[in-house]
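To start, the structure itself, in structure tokens.
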2 protein chains.
Amino acid sequence: VVGDDHVLTDPDLTAQYARDWTGRFRGSTPVVVRPASTDQTAGILRVCSAAGAAVVPQGGNTGLVGGGVPLAGEVVLSMRRLAWIDPVDRLAAQVSVGAGATLEAVQAHARPHGLEVAVDLAARGSATIGGMVATNAGGLRVIRHGDMRAQLAGIEAVLADGSVLRRMHGLVKDNTGLHFPSLLCGSEGTLAVVTAVRLKLVSVDAEQTVALLCFASLVEAVAAVAELRAWPVPLDAAEVFFADGLALVTRHLDIEPPVPRDAGAYLLIACGGRSDLSTELAAAVAHLSCAPMDIAVATEPRSRAELWRLREAHTEAINAAGVPHKLDVALPAAALAPFADTVRTRVTAVEPGAQVILFGHLGDGNLHVNVLGAEGDDVDDAVLRLVLEHGGSISAEHGIGVAKKQWLELDRSAEELEAFRAIKRALDPQGILNPNVLV
Amino acid sequence: VVGDDHVLTDPDLTAQYARDWTGRFRGSTPVVVRPASTDQTAGILRVCSAAGAAVVPQGGNTGLVGGGVPLAGEVVLSMRRLAWIDPVDRLAAQVSVGAGATLEAVQAHARPHGLEVAVDLAARGSATIGGMVATNAGGLRVIRHGDMRAQLAGIEAVLADGSVLRRMHGLVKDNTGLHFPSLLCGSEGTLAVVTAVRLKLVSVDAEQTVALLCFASLVEAVAAVAELRAWPVPLDAAEVFFADGLALVTRHLDIEPPVPRDAGAYLLIACGGRSDLSTELAAAVAHLSCAPMDIAVATEPRSRAELWRLREAHTEAINAAGVPHKLDVALPAAALAPFADTVRTRVTAVEPGAQVILFGHLGDGNLHVNVLGAEGDDVDDAVLRLVLEHGGSISAEHGIGVAKKQWLELDRSAEELEAFRAIKRALDPQGILNPNVLV
């Protein structure tokens, strides 16, 4: 179907497709097939269907939950060659791209038109659009523009039997039955293989204003975000970290922070537009019912980057301090502070010497729980159960994949899981698509 | 299950449930059942499933495509008694409501908190939230806030066999498998009966600015919308009408328009926020690559209403001139002007004396095609086929229901329709839920 050159069987060549980049998940594959078109993808799936061969679709292989790894010797369907990008449709502010286009390539293509994909993430150089759709990628700007699902104006995907679903006209109002972009987004390759996407684009902000607000408590920071949402210029980000993380970061980077070290919660907010918004931002902060203890504002690129660095360097500072357990969870706004108050106690109950560092996307209720000094999986179990006690979700943006499968039935009801399985059976009766993940 | 008082069999009582409000669709029903809770809804569906009795779920019965009418003697499941509304969650800017709550009731409940549902429509006094979800309601503000699907932070729904899917915690980041709010929204009651919804709310704008821009052509108006999208303060509406509609409206209302009568296209834009935005709006218009021929701006409530009236009175002015065929369609931005240029010719080819009036939501590519002086369905067929030739959608916001079912297979591919049917069979194997609509 694809020609011999794109059927890899040499273990030296296939090995990189059979493990994830963290090294946590490793499998093996008899063959990696690299289609260059939708027709070829359909052809491969017809062959695999006829042979009853299980298939793991793979994009840039940058996932964090092992969702793209052939754990049980599946065929790997590498989508990276479908990397075409159509001209930007400026009237619609949309672009059609192949599933294998990297986010970075699409951004580079759109930005000369003053447009960009609203979902951006650190793995942009390798992460493919198809993978971002399959996993419903999130990131920093969900508070303003929504998740990957919200960026989809059309999709093309191939079902297990090789039939092609295609609706790429980009209409934002289209009530003609089921909405496949929404259904397939976040389905982790279990229902269909995404081959192309029609993406909505947003305007690139000429200016950005960033402020770091110090509050006495997380409760106050959460309330501030709720109030700032009512501000006419939308927040581009609302990120949170804490004194312990700030200490780790400033030590790692060997810098002095521009704000006191002893606040109860640090809220980093950003907003962007055509002009400098620092006056408006200051006015909005001045109107908060609970004023911050301290504030640092930045509008120049360098000083903005310095504030952002305090939040973004958390990952490297934590990694430098040890090998963390990382849990990506979400909580209802009202449960964020109660969860944060309890999680350390709960972790040290199962792992006495462990240190818990929290940071994340406060505007979306999305916390990244990092635990240093833990050995087994007991810590993961303790954290995820606490999340569920507080009405939260065990996966905010990374997905379930293989990593969180054992906790899924604690989070989703038996009725929901049975409905997943029924839809899975309906679209993939043999169960050949990404059989190790989700359900 | 619901008690005798809520099982209506008297034809005098059931008649109103067996026809739609336009009178175009009429059926009959042996029984109308009115549950007051999710448990009762599940109980009814278990009974109907066991009896193999088909069910038509019904909200406020304000649909425009006959989707809630028991055409073949189905049981009517009237959801209006599930009208509970929880206290507003101000931290999350969300509210949980029963499917039977009217949009008006939810708006009245949310507005004292400075919040509202972003999707608003004329039928708000009767339309229920459950019906708006089942039909993925649209309206004027989709350009800013998206359709009903975009307002959903959670859903509770009952499958045909009585099992309940429930996920109402309102997390905006939640990657734990399939997203049922997205799947069920727009499924027109064919997959499940919605019993409750967790709605995102948006801030009520203290001020609104409205401008009516006159362009030489629709091409220029479409280009203007694309440029105005890049403006930092988001457009709340971008509506279009034409000289023939304006003439009809001004004659019907007996008024003089504040702008010339002979423009090629009239673009009404609105934006809202905490303060008067007329300066910013004027600046944005001044930067358009193609300046409007004329402009009227309004910030005071009365003058704003006068501008809005020119657009909103189209429906009543058209109805006063005759009984129109109304077709709700969507087109890609680049196809709007070519479609508008051709549609009159195409209509008069099949119906020589007919008059075509276009208006609609330009920002979403959504045109309402009104045809006066047409007899049979040939006009509908001619318009919908022209839409498809231009890469559009036969239903932008009203849905398929019964009214557009005969054209659905021209719009959606055989593969897509088979995937719909497979999912329908998976969740409703007996096919008892709203069997007359969609597929």
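The values are calculated or read from the model by the stated rules, or taken from the named source; none is laboratory data. All of these numbers come straight from a predicted model, not from anything done at the bench. Cβ coordinates were reconstructed from backbone atoms using ideal geometry, including for glycine residues, and neighbour counts include every protein chain displayed. These accessible areas exclude ligands, DNA and RNA; they are computed on the full protein's heavy atoms, side chains included. Shrake-Rupley method; radii C 1.70, N 1.55, O 1.52, S 1.80 Å.
Residues of region B:220-243 being within 25 Å of residue A:144 (Cβ to Cβ) and assigned to a strand (DSSP E or B), which ones? Outline the logic, then answer.
If we filter region B:220-243 for residues that are within 25 Å of residue A:144 (Cβ to Cβ), which is where we start, we get B:224-239.
Hits for region B:220-243 are B:237, B:238, B:239.
Within region B:6-21, is there a residue that is part of a loop (DSSP other than H, G, I, E, B) and closer than 22 Å to residue B:397 by Cα? So that I can check it myself, show each step before the final result.
Just the residues of region B:6-21 that are part of a loop (DSSP other than H, G, I, E, B), to begin with: B:9-10, B:18, B:20-21.
Add one more test, that the residue is closer than 22 Å to residue B:397 by Cα, and what stays is B:20-21.
Taking every residue of region B:6-21 in turn, at least one turns out to be part of a loop (DSSP other than H, G, I, E, B) and closer than 22 Å to residue B:397 by Cα.
Which residue pairs have Cβ atoms under 7 Å apart, sit 6 or more places apart or on different chains, and have a first residue in region B:1-24 that is within 24 Å of residue B:402 (Cα to Cα) and a second that is of a type in the set (Lys, Arg)?
Partner pairs satisfying both residue conditions: B:18/B:26; B:19/B:26.
Among the residues of region A:113-123, which ones are away from chain B (no Cβ under 14 Å) and over 16 Å from residue A:194 (Cβ atoms)? Even if it seems obvious, please write down each step before you answer.
Let us first name the residues in region A:113-123 that are away from chain B (no Cβ under 14 Å), namely A:117, A:120, A:122-123.
Across region A:113-123, the qualifying residues are A:120, A:122, A:123.
Out of all the residues in region B:49-101, which are over 27 Å from residue B:23 (Cα atoms), more than 14 Å from chain A (Cβ to nearest Cβ) and of a type in the set (S, T, N, Q)?
Here is the first cut: in region B:49-101, the ones over 27 Å from residue B:23 (Cα atoms) are B:49-52, B:84-98.
With more than 14 Å from chain A (Cβ to nearest Cβ) added as a condition, the list becomes B:49-52, B:84-85, B:97-98.
Within region B:49-101, just B:49 meets the criteria.
Can you find a residue in region A:416-438 that is under 29 Å from residue A:53 (Cβ atoms), modelled with pLDDT under 95 and at the interface with another protein chain (Cβ under 7 Å from one of its Cβ atoms)?
Yes, region A:416-438 contains a residue that is under 29 Å from residue A:53 (Cβ atoms), modelled with pLDDT under 95 and at the interface with another protein chain (Cβ under 7 Å from one of its Cβ atoms).
Does residue A:134 satisfy the criteria of being within 14 Å of chain B (Cβ to nearest Cβ), out of contact with any Gly (no Cβ under 7 Å at 6 or more places or on another chain) and either charged (D, E, K, R) or on the phi < 0 side of the Ramachandran plot (or both)? Working first, answer last.
Working: within 14 Å of chain B (Cβ to nearest Cβ): yes; out of contact with any Gly (no Cβ under 7 Å at 6 or more places or on another chain): no; either charged (D, E, K, R) or on the phi < 0 side of the Ramachandran plot (or both): yes.
Answer is no for this residue.
Which residue, of B:246, B:336, B:310, is part of a helix (DSSP H, G or I) and within 13 Å of another protein chain (Cβ to nearest Cβ)?
On the way: B:246 fails: within 13 Å of another protein chain (Cβ to nearest Cβ); B:310 fails: within 13 Å of another protein chain (Cβ to nearest Cβ).
B:336 is the lone residue from the list that is part of a helix (DSSP H, G or I) and within 13 Å of another protein chain (Cβ to nearest Cβ).
One residue is enough: does region A:345-355 have a residue meeting the conditions within 11 Å of another protein chain (Cβ to nearest Cβ) and either modelled with pLDDT under 95 or within 23 Å of the chain's Cα centre (by Cα) (or both)?
Filtering region A:345-355 for residues within 11 Å of another protein chain (Cβ to nearest Cβ) gives none.
No - not one qualifying residue is present in region A:345-355.
Given the structure, is residue A:342 surrounded by fewer than 18 Cβ atoms within 10 Å (Cβ to Cβ), part of a helix (DSSP H, G or I), of a type in the set (Val, Ile, Thr) and in contact (Cβ under 8 Å) with a residue 24 or more places away in the chain?
yes
Given the structure, is residue B:409 surrounded by fewer than 23 Cβ atoms within 10 Å (Cβ to Cβ), more than 24 Å from the chain's Cα centre (by Cα) and modelled with pLDDT of 95 or more? Write out each step before concluding.
Values: surrounded by fewer than 23 Cβ atoms within 10 Å (Cβ to Cβ): yes; more than 24 Å from the chain's Cα centre (by Cα): no; modelled with pLDDT of 95 or more: yes.
It is false that residue B:409 is surrounded by fewer than 23 Cβ atoms within 10 Å (Cβ to Cβ), more than 24 Å from the chain's Cα centre (by Cα) and modelled with pLDDT of 95 or more.
Just to be sure, is residue A:386 in a helix (DSSP H, G or I), in contact with a Ser or Thr (Cβ under 7 Å, 6 or more places away or on another chain) and farther than 27 Å from residue B:191 by Cβ? Before you say what the answer is, go through the steps one by one.
Numbers: in a helix (DSSP H, G or I): yes; in contact with a Ser or Thr (Cβ under 7 Å, 6 or more places away or on another chain): yes; farther than 27 Å from residue B:191 by Cβ: yes.
In short, yes.
Condition first: part of a loop (DSSP other than H, G, I, E, B), out of contact with any helix residue (DSSP H, G or I) (no Cβ under 6 Å at 6 or more places or on another chain) and either at pLDDT 90 or above or under 18 Å from residue B:361 (Cα atoms) (or both). Now tell me which residues in region B:263-293 satisfy that.
First, pick out the residues of region B:263-293 that are part of a loop (DSSP other than H, G, I, E, B): B:263-264, B:274-277, B:287-293.
Those still in the list that are out of contact with any helix residue (DSSP H, G or I) (no Cβ under 6 Å at 6 or more places or on another chain) too: B:263-264, B:274-277, B:287, B:289, B:291-293.
Matches in region B:263-293: B:263, B:264, B:287, B:289, B:291, B:292, B:293.
Within region B:46-150, which helices (runs of 4 or more DSSP H) (wholly inside it) include 1 or more residues that are without any contact (Cβ under 8 Å) to a residue 60 or more places away in the chain and under 28 Å from residue A:228 (Cβ atoms)?
Filter on region B:46-150 gives B:103-110, B:142-145.
In region B:396-412, which residue that is small (Gly, Ala, Ser) and more than 7 Å from chain A (Cβ to nearest Cβ) is farthest from residue A:422 (Cα to Cα)?
Pass one, region B:396-412, residues small (Gly, Ala, Ser): B:396, B:399, B:401, B:403.
Those left that are additionally more than 7 Å from chain A (Cβ to nearest Cβ): B:401, B:403.
Working: B:401: 25, B:403: 30 Å.
In this case the residue turns out to be B:403.
Residue by residue, here is whether (1) touching a Pro at 6+ places or on another chain (Cβ under 8 Å); (2) at pLDDT 95 or above; (3) open to solvent by less than 40 Å² (accessible area, probe 1.4 Å) holds:
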{"position": "A:81", "(1), (2), (3)": "yes, yes, no"}
{"position": "A:85", "(1), (2), (3)": "no, yes, no"}
{"position": "A:93", "(1), (2), (3)": "no, yes, yes"}
{"position": "A:101", "(1), (2), (3)": "no, yes, yes"}
{"position": "A:106", "(1), (2), (3)": "no, yes, yes"}
{"position": "A:112", "(1), (2), (3)": "no, yes, no"}
{"position": "A:117", "(1), (2), (3)": "no, yes, yes"}
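State the number of residues belonging to region B:374-398 that are at pLDDT 95 or above and over 30 Å from residue B:271 (Cβ atoms).
11
For residues that are open to solvent by 20 Å² or more (accessible area, probe 1.4 Å) and in contact with a helix residue (DSSP H, G or I) (Cβ under 9 Å, 6 or more places away or on another chain), scanning just region A:57-67, find the one that is farthest from residue A:434 (Cα to Cα). Full working, then the answer.
So the first thing to find is which residues in region A:57-67 are open to solvent by 20 Å² or more (accessible area, probe 1.4 Å), and the list is A:57, A:61-64, A:67.
Next, from what is left, pick out any that are in contact with a helix residue (DSSP H, G or I) (Cβ under 9 Å, 6 or more places away or on another chain): A:57, A:61-63, A:67.
Details: A:57: 7, A:61: 14, A:62: 16, A:63: 14, A:67: 8 Å.
Only one residue fits best here, namely A:62.
Of all residues in region B:33-45, which are farther than 18 Å from residue B:127 by Cα and in contact (Cβ under 8 Å) with a residue 24 or more places away in the chain?
Let us first name the residues in region B:33-45 that are farther than 18 Å from residue B:127 by Cα, namely B:33, B:37-45.
Within region B:33-45, B:33, B:37, B:38, B:40, B:41, B:42, B:43, B:44, B:45 qualify.
Determine if region A:385-399 includes at least one residue that is under 16 Å from residue B:176 (Cα atoms) and open to solvent by 50 Å² or more (accessible area, probe 1.4 Å).
Pass one, region A:385-399, residues under 16 Å from residue B:176 (Cα atoms): A:385, A:387-388, A:391-399.
Now drop any that are not open to solvent by 50 Å² or more (accessible area, probe 1.4 Å), which leaves A:385, A:398.
Yes; the residues of region A:385-399 include at least one that is under 16 Å from residue B:176 (Cα atoms) and open to solvent by 50 Å² or more (accessible area, probe 1.4 Å).
So which residues in region B:313-326 are outside any helix (DSSP H, G or I) and either of a type in the set (Asp, Glu) or touching a helix residue (DSSP H, G or I) at 6+ places or on another chain (Cβ under 8 Å) (or both)? If you could, list the steps in order and put the result at the bottom.
Restricting attention to region B:313-326, the residues satisfying the condition of being outside any helix (DSSP H, G or I) are B:313, B:322-326.
Within region B:313-326, B:313, B:324, B:325 meet the criteria.
So residue A:375 clears everything in (1) without any contact (Cβ under 8 Å) to a residue 60 or more places away in the chain; (2) open to solvent by less than 50 Å² (accessible area, probe 1.4 Å) except one condition, right? Which one?
Here residue A:375 meets the rest and fails (2).
Output the residue which, of all residues in region B:1-19 that are closer than 19 Å to residue B:68 by Cβ and of a type in the set (Gly, Ala, Ser), is surrounded by the fewest Cβ atoms within 10 Å (Cβ to Cβ).
Here the answer is B:15.
Could you check region B:139-196 and list, in sequence order, the residues that are within 30 Å of residue A:367 (Cα to Cα), more than 10 Å from chain A (Cβ to nearest Cβ) and open to solvent by 30 Å² or more (accessible area, probe 1.4 Å)?
Across region B:139-196, the qualifying residues are B:144, B:145.
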